[in-house]
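Just below is one structure, and these are the notes that go with it.
Just so it is clear, none of the values below were taken in a lab; they were calculated from the coordinates. Note that this is a predicted model, so its numbers are computed, not measured. Positions of Cβ are backbone-derived with ideal geometry, glycine not excepted, and every protein chain shown enters the neighbour counts.
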Amino acid sequence: GLNNLGEVPFREVFIHPKILDGYGETMSKSKGNGVDPLDIVDKFGADALRFGLAALTTETQDVRMPVQFECPACQALVDQTKKNRELPRVACTKCGKEFSTQWAKTDADKALPRAAVVSERFEVSRNFTNKLWNAARFALINLQDYEQVQSSQVKVPGSNAGNLEPGTLNQELTVEDRWLLSRLATVTDSVTKSLKAYHYAEAAKELYDFAWDEFCSFYVEIAKARLSDEKSKPTAQRVLAHALDVLLRLLHPIMPFITEEVWQLLNKVAPQRGLGTTATTGRSSEWLITAPWPEADLSWQNPEIEARFKLFQQALGAIREIRSRQNITTKTPLEFAVKCNAEAAALLGPMAPYFQSMTNATATGFGTDVAIPPTHAKTALAGIEIYVDLAGSIDVAAERAKNEQLEQKLVGFIKAKEGKLSNESFVSRAPANVVAAERESLAQLQEQLASVRVALAALRKS
């Protein structure tokens, strides 16, 4: 017979890493150097525990998980050491009060409040669940009138890949809609393959990056203005509901509790959702746990749009970082120029309105011959240089320190690349395309370093 993946069954050996403590020792009950899952659940949540463990499943590479006691008096985390991990009582390094451990035997030790045994490695997972919950709340609030709005819509005229069914929308999808749907198809395909191959850490990382950096931080942010406009609201609602639906299905095996809760709430405001292109279209399942796994509709994939938004994200992050280190609020308008080749200029040019709406920065030009402001802060990325006009507001010391740190990093990266490419064994055995990619990467790093040193020379004269 066939297994549930439609394949001939075979014997499998699943190799997974050991979880070591902060000192590289195997966690052991007899040593007392392990975390307590119930303590993790109490402090971070059950979904954070599951997601954190999935993210640590790095196949054959052992991983370290530093262990801490959580002081019951002040909630400070006290690092577990080889000495204190076997003591019946420990004094908090912050407040000085004593607490008991699992080794408490005497009545006096047992009378002390017990410290939870946790690991700060799960902090990232808890933050992720909070981020997902907040984005879901935003979506649910803006989908309250979903059925009423969608019931009056007609077919999108002239849509291309993944054409929608009649009776759905009344306008073309925007570039951010098509970007999100392209990324959703790519991520769905990749996560499905990773889970089938038992690559849980890869699946967790891809879902984390997509949900946090792309869905929550970008699409939801961009969609806010459209959801307030009655003309653009139907399209934004439809894509938002569909994307949240698929994301919940993908995350459910790793984070079953929060995804099931959001699913139930989504069913109340948008029981019938989808884009009419996959088996997941139509009325949703009552329970997420019984819903079908999402199909990756690769007709939505658009490599050009994905490349455009990837570059845009990097450039937007660079401008925001300059604002932060120069202590310039978002309310203060800025101007910037991007020096880049024609290909990058073609990708970034259409994104000018998004720079304006998301970071209050106006682009003065993209390309090789842009005018560079006399007083500026600069960030060099792979293949592009961003110059933000800071006339009258530049912090020369902060800018010089930032570029000095970047110079040191680039020198280290270049040294590592040169060492790799000087290794005859690597050059002769690695595929030609891999070696070529390494050489191209080295050239880009050397170009960035030269650019940073030019900027530093100008700053040191200021």
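Numbers for the structure displayed
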| item | result |
| --- | --- |
| Local electrostatic count at Asp79 - Lys and Arg +1, Asp and Glu -1, tallied over other residues with Cβ under 15 Å | 0 |
| From phi via Karplus (6.51, -1.76, 1.60), per-residue ³J(HN,Hα) for the range 289-295 in Hz, x at Gly/Pro | 4, 9, 6, x, 5, x, 8 |
| Cβ crowding within 10 Å averaged over residues, with 322-329, 184-191 ranked highest first | 184-191, 322-329 |
| Residue pairs, from the table Lys29/Lys94; Lys131/Lys224; Lys31/Lys82; Lys94/Lys131, whose Cα atoms sit over 18 Å apart | Lys29/Lys94; Lys94/Lys131 |
| Solitary cysteines of the chain, where the nearest other Cys Cβ is not under 4.7 Å | Cys216, Cys340 |
| Debye, to nearest 20: dipole size of the chain, +1 on Lys, Arg Cβ, -1 on Asp, Glu Cβ | 1060 |
| Correct choice for Rg/Rh (Cα atoms, Kirkwood Rh) that was computed from the model, options [x] 1.05; [y] 0.97; [z] 1.01 | [z] |
| Burial ranking of peptide ranges 428-435, 223-230, 30-37 (average Cβ count within 10 Å, highest at the top) | 30-37, 223-230, 428-435 |
| Under the Karplus curve 6.51 cos²θ - 1.76 cosθ + 1.60, θ = phi - 60°, whole-Hz ³J(HN,Hα) for the range 340-346, x wherever Gly or Pro sits | 7, 7, 5, 5, 5, 4, 5 |
| Charge dipole (the range 340-422, unit charges on Cβ, about Cα centre) - positive-most of Tyr354, Ala397, Ala382 | Ala382 |
| Two-site FRET efficiency, Asn134 against Ala346, from Cβ-Cβ distance with R₀ of 41 Å, rounded to 0.05 | 0.70 |
| Cα centroid separation, the range 388-454 to the range 223-273 (Å) | 41 |
| Cα centre as origin, Lys/Arg/Asp/Glu Cβ charges: the range 318-462 dipole, Debye | 400 |
| Table column - 3J(HN,Hα) (Hz), the range 223-236, Karplus curve with 6.51, -1.76, 1.60, x for Gly and Pro | 6, 4, 5, 5, 6, 8, 9, 4, 6, 8, 4, x, 5, 4 |
| Rounded to 5, percent antiparallel among DSSP beta bridges of the chain | 70 |
| Candidates per trypsin sites (Lys or Arg not before Pro) in the range 95-129, loop by DSSP, up to 11 other Cβ within 10 Å | Lys105 |
| Interchain or long-range residues, amide H under 5 Å from Gly365's placed H | Val338 |
| Under 10 Å, Cβ to Cβ, from Leu112 - net charge with Lys/Arg +1 and Asp/Glu -1 | +2 |
| Share antiparallel - DSSP beta bridges, the range 9-120, percent rounded to 5 | 75 |
| Computed helical MRE - 222 nm, the chain, DSSP H runs ≥ 4 contributing -39500 (n - 2.57), nearest 500 | -15000 deg cm²/dmol |
| Gain on full stretching of the segment that runs from Lys110 to Gln313 - 0.36 nm per residue minus C-alpha separation | 67.7 nm |
| Distance (nanometres) between label positions extended 7 Å along Cα→Cβ at Glu424 and Asn360 | 6.1 |
| Exposure rule at most 10 other beta-carbon atoms within 10 Å, DSSP loop chymotrypsin sites (Phe, Trp or Tyr not before Pro): the chain longest free segment | 15-462 |
| Residues with amide H under 5 Å from that of Gly383, placed H, sequence gap 5 or more | none |
